[in-house]
Amino acid sequence: MLYSQLFPKASKQAPKDAESANAKFLTQGGFVHQEMAGVYSWLPLGLRVLRNVENIVREEMNALGAQELLMPALQPKENWIKTKRWEGFEVLYKLQSKIGGEIALGPTHEEIITPLVGAYVKSYNDLPLALFQIQNKYRDELRAKSGVLRGREFGMKDLYSFHKDEADLEKYYEKVAASYSKIFKRLGLEAVRARATGGAFSKFSDEFQVLTESGEDTIYHCDKCKVYYNEELVKNNKCTEGHKLEGGQKAIEVGNIFKLKTKFSEAFGLKFLDKDGKEKPIIMGCYGLGTTRLVGAIVEANHDDRGIIWPTEVAPFASHLVALFGKDAAMNKKIFAACDVVIASEAKQSREVLFDDRADVSAGEKFAVSDLLGIPERIIISEKTLTQNLIETKERKTGKTAMKKL
Ligand code: ATP
Ligand code: MG
């Protein structure tokens, strides 16, 4: 990709009102564009990162044996009445239809997936079953803030599992938790599992929290039990076993998993015929992961004062080729030719290159853009390196430089 062609270019100034690192760098770098509070366009560079995140999540969900589907954002009001969430779900968008009636704009998909599975699953032979999607969610958040961390339209992977009994749910729930740990590792994030309230249906849920100062949540740690707790569970600074809690650390909730048990199956009469000929309610679990929030969390956890430091697997490009042209046309031609050689050699290793091919832009300006965009490796070709038949490389993360043969 030629940087001269890229839409849009990084901006020289950071946005004035950015209150967090992800809002600042993602906007200034041209990864996202804010349309209104909590609503963003994902620009070509940002979309590459988001797709990388989604694909890692998708691969790990497939590895779990879950099947991908795509459900609608427009959802029937009746379904939300059935679960008593038409009034109870605080941030639900309610749309007025021109042909009459109201429609829910999906903030989550239990109200769709439960009757959907009920239309097809009848017997113990059909279970267990796991279905997921990666889709935009809509929530009328009162305080949309912190860049892409809290949006009113945002990306989520939501997985739903269906089981014959609670023991099977428990087993699957732990498999999903292990899969989440793999995902965070690949995303270059350190996330801890924290206990949080489970809602009406079970005592606890589990959250996955990235420890960073810019987080909205506060979590505590019990050194004895080796368990993290979300603040909402913490009373008198003690864990459930009565030990003193440590911390009060800020964190970003990137995932949340729940044992729904029969909460939704009862509302929709979701049952199966068991081996013993008896009809029983299907036991459910749900597992959310915020894909757009993850991009924000990655930036919060991986940046310095000059810009983003993308972890390898999510980076929009593998390398950032920076050509430094001078006044000598013949030499500039040679630099271009050398750049072609580098791009071809990177392509052979399946590495995509962002090539800053602009003339009349100073080295300092190109390096500042490169630091801001945060691509893991920078490759510099200039008259100085070429006369020695060399290229210079610089790691964004460590700042380590090296000279290599062209
Ligand atoms: P929060 O407590 O942060 O409002 P939640 O507990 O309501 O989130 P869930 O319904 O559990 O969120 O959604 C699953 C995941 O979706 C969350 O863990 C988070 O990563 C992501 N998510 C939820 N709300 C938002 C939002 N407004 N913007 C971006 N991502 C979100
Ligand atoms: Mg949550």
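Structure data summary
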item	result
In region 214-228, the residues that are among the hydroxyl-bearing types (S, T, Y) and within 11 Å of R195 (Cα to Cα)	Y220, Y228
Region 75-110, subset in contact (Cβ under 8 Å) with a residue 40 or more places away in the chain and open to solvent by less than 20 Å² (accessible area, probe 1.4 Å), residue nearest to ligand 2 (Cβ to nearest atom)	T108
Pair list, Cβ < 7 Å and 6+ apart or interchain, from region 279-299 residues that are closer than 15 Å to L131 by Cβ and open to solvent by 10 Å² or more (accessible area, probe 1.4 Å) to residues that are near ligand 1 (Cβ under 10 Å from one of its atoms) and among the small types (G, A, S)	G288/G255
Elements of type strands (runs of 3 or more DSSP E) in region 201-273, at least 3 residues being within 16 Å of ligand 1 (Cβ to nearest atom) and open to solvent by less than 40 Å² (accessible area, probe 1.4 Å)	204-211, 217-222, 246-261
Top-ranked residue of region 166-184 - restricted to ones that are of a type in the set (D, E) and open to solvent by 70 Å² or more (accessible area, probe 1.4 Å), ranked as farthest from ligand 2 (Cβ to nearest atom)	E166
Filtered residue count, region 135-193, keeping only those that are touching a helix residue (DSSP H, G or I) at 6+ places or on another chain (Cβ under 9 Å), part of a strand (DSSP E or B) and either polar (S, T, N, Q) or at pLDDT below 95 (or both)	3
Residues that are under 22 Å from the mean Cα position of the chain (by Cα), open to solvent by 80 Å² or more (accessible area, probe 1.4 Å) and among the charged types (D, E, K, R), drawn from region 6-34	E19
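The values are calculated or read from the model by the stated rules, or taken from the named source; none is laboratory data. These numbers were taken from a predicted model, which means no experiment stands behind them. Cβ atoms come from the backbone with ideal geometry, glycine included; neighbour counts cover every protein chain shown. Quick note on the areas: whole protein, heavy atoms, side chains included, nothing else; ligands and nucleic acids left out. Shrake-Rupley method; radii C 1.70, N 1.55, O 1.52, S 1.80 Å.
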